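Step one of this worksheet: look at the structure below.
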Amino acid sequence: MIKKIFLVSVIIASTLSAIAQDYSFWGQSYANRFSVSPAFAGLNGNSEAFLSSRRNMVGIDGGSKVMRLDVNGNMLQNSGFGVTIINDKSGNYSNLYSSISYAYHVKFSDDASLSFALSPALVRYSYNLTNAKTYGSQVDPIFQNEAGLSATNFDAGFGLVFKWTNLLFSVNIPRTICLDTKFVNGVYNFDRVFNGELSYAIESGKFLIEPIADISFAQKGGLDWRGALAAKYNQRAWIMASYSSQGWIGIGAGFAAGSRIAVNYQYEIGSTDLAKNCFGTHEITVGFRISKSNNRIEPTAFADDENSTSNTIIQTKNDNSDLERKLQEEIEMRDSEIKRLENMIQEYNSKLPNDNEPNTGLRNNRGNNTESVAQTNTEQPLPQIDDSPREHEVGGVNPDPGKWQDPIPFHSVNFGYSNDKLFSSSNSEIDKCVKSLNESSSQQILILAYTDEMGSDDFCLKLSQQRAEAIKTYITSKGVSANRVFTKGMGRKMFNGAEITPENRIDFNRVEYCWSK
């Protein structure tokens, strides 16, 4: 009887040790990266589920049958969750492994990120004695009274993933704690295993070529490795070939059936004497995408559907429309600035002395002006520009002469064409008013804005008010109280009966200010 108890113990120990030391390189690892390391949970932004069935060494009695369920998804902005359930059965032995995972992703840039994961796990080991064979005419009481031997263990895993452009490096330690397992007839210690994977995706048109290297190091069992090469076409179909240090040659293929379902199949055949006597290892995986991220982020086994592509095109068109609108506004602002500078040049040239013309008035021939400037530079110093108000600006409209002093024009305060966008070149002159307001806490200011005749009365009145408010906003941003700054849009009021010409249009689009009395 004691010998048979010892025999059962040896069977359990040898079976558990073999499985603990054998790291199975799953064929689904290319489609389901979460099976490689729990740190992949939620990394691509999708919520995904994968169901796998694997039969090892078909045709050999006792070959293991494994069912696996993986679910992972995105949680909050930089976190992910995962659930893994594995049922591994080999002969009378069965192993039920269940874990939950929490991953946190640290994004350094658009191309680089580092992810960490913790996976508390519960493992149930059991050995069914009811089907065990005995020798002799009588049933052994140990087998008769013991329906089976079982033990439950708590453990935890750790995972890490580093992603940089198309490079992926992952680490997985499924049994980090590695506690002893206690059966009724003894205590068994399992081997701690360290798994790692390194891959780099090479893009070439619609093809994606990815070499993959896997290693598995067990503290007692030694080192195992696998090399694989995967090729993917148009984000929808892929093939993979692999070879492991245990002599297994793997060939796999998969495809994305639309945007929600992916299927992967792996066949492995061994080169050892034992493997040659079986029909190989078969593995099939079906993946489901529960929800998707806004943008496609690799790695993922699911393809973007037509609706997603259409949405991307629509979004791109909207982005282009916004860009075109902004560019058009920028062009209008620059055109307005160019016109203002041209008017300043013409005004400047009109004040230069000329042999045949008086040194005042506006000249229309720009070529002659340039020539006159060249002659003047060589003959005599240039006169100073008169910054005093121009004649037609003197005596501007005063809304309330009893409260406000006479209007004073801004000479370098300008806006975009037909809009209220204040040029940054206007700031220096407005800052002088800000300085005066800061020096006298009782002083108040009134901003008057005008437009030319382009547009209806209502449009011009509204535009002029918006321009005055834009200056007020700038002044109050410098710390001046808003109740000391008043605005009034004057619209397209004419002044002194002057006729609008291309040369003096900028004067009609003028801005003035009045100090309080």
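Ordering 154-160, 59-65 by mean Cβ neighbour count within 10 Å, with the highest value first, yields 154-160, 59-65. Distance between Cα centroids, the range 110-128 to the range 243-293: provide it in whole Å. The distance from the Cα centre of the range 110-128 to that of the range 243-293 comes to 21 Å. Is any residue of the range 212-228 close enough, with backbone N under 16 Å, to a label point placed 7 angstrom from the Cα of Ser245 along the Cα-Cβ axis, and if so, which? Residues passing the 16 Å test: 213-228.
The simple spin-label model puts a point 7 Å past each Cα toward its Cβ; for Leu341 and Asp180 those points are separated by 8.5 nm.
Take the cross-link list Lys163/Lys206; Lys220/Lys276; Lys432/Lys462; Lys107/Lys206; Lys107/Lys326 and give me the ones stretching past 24 Å between alpha-carbons. From Lys163/Lys206; Lys220/Lys276; Lys432/Lys462; Lys107/Lys206; Lys107/Lys326, over 24 Å: Lys220/Lys276; Lys432/Lys462; Lys107/Lys206; Lys107/Lys326. Taking 0.36 nm per residue of separation and subtracting the Cα-Cα distance, full extension of the segment from Arg325 to Ser271 would add 12.8 nm.
Between Ser79 and Arg124, the contour length at 0.36 nm per residue exceeds the alpha carbon distance by 13.3 nm.
Accessible area ranking (1.4 Å probe, heavy atoms, ligands and nucleic acids excluded), largest first, for Ile239, Ile212, Ile284: Ile239, Ile284, Ile212. Residues whose amide H comes within less than 5 Å of that of Ser47, counting only those at least five positions distant or on another chain, are Asn74, Ile290, Ser291, Lys292 (H built at 1.01 Å from N in the peptide plane).
The values are calculated or read from the model by the stated rules, or taken from the named source; none is laboratory data. Just so we're clear, the structure is a prediction, and the values are computed from it rather than from any experiment. Because the Cβ atoms are built from the backbone with ideal geometry, glycine has one as well, and the counts that use them run over all protein chains shown. All accessible areas refer to the heavy atoms of the entire protein, side chains included, with ligands and DNA or RNA removed. Shrake-Rupley method; radii C 1.70, N 1.55, O 1.52, S 1.80 Å.
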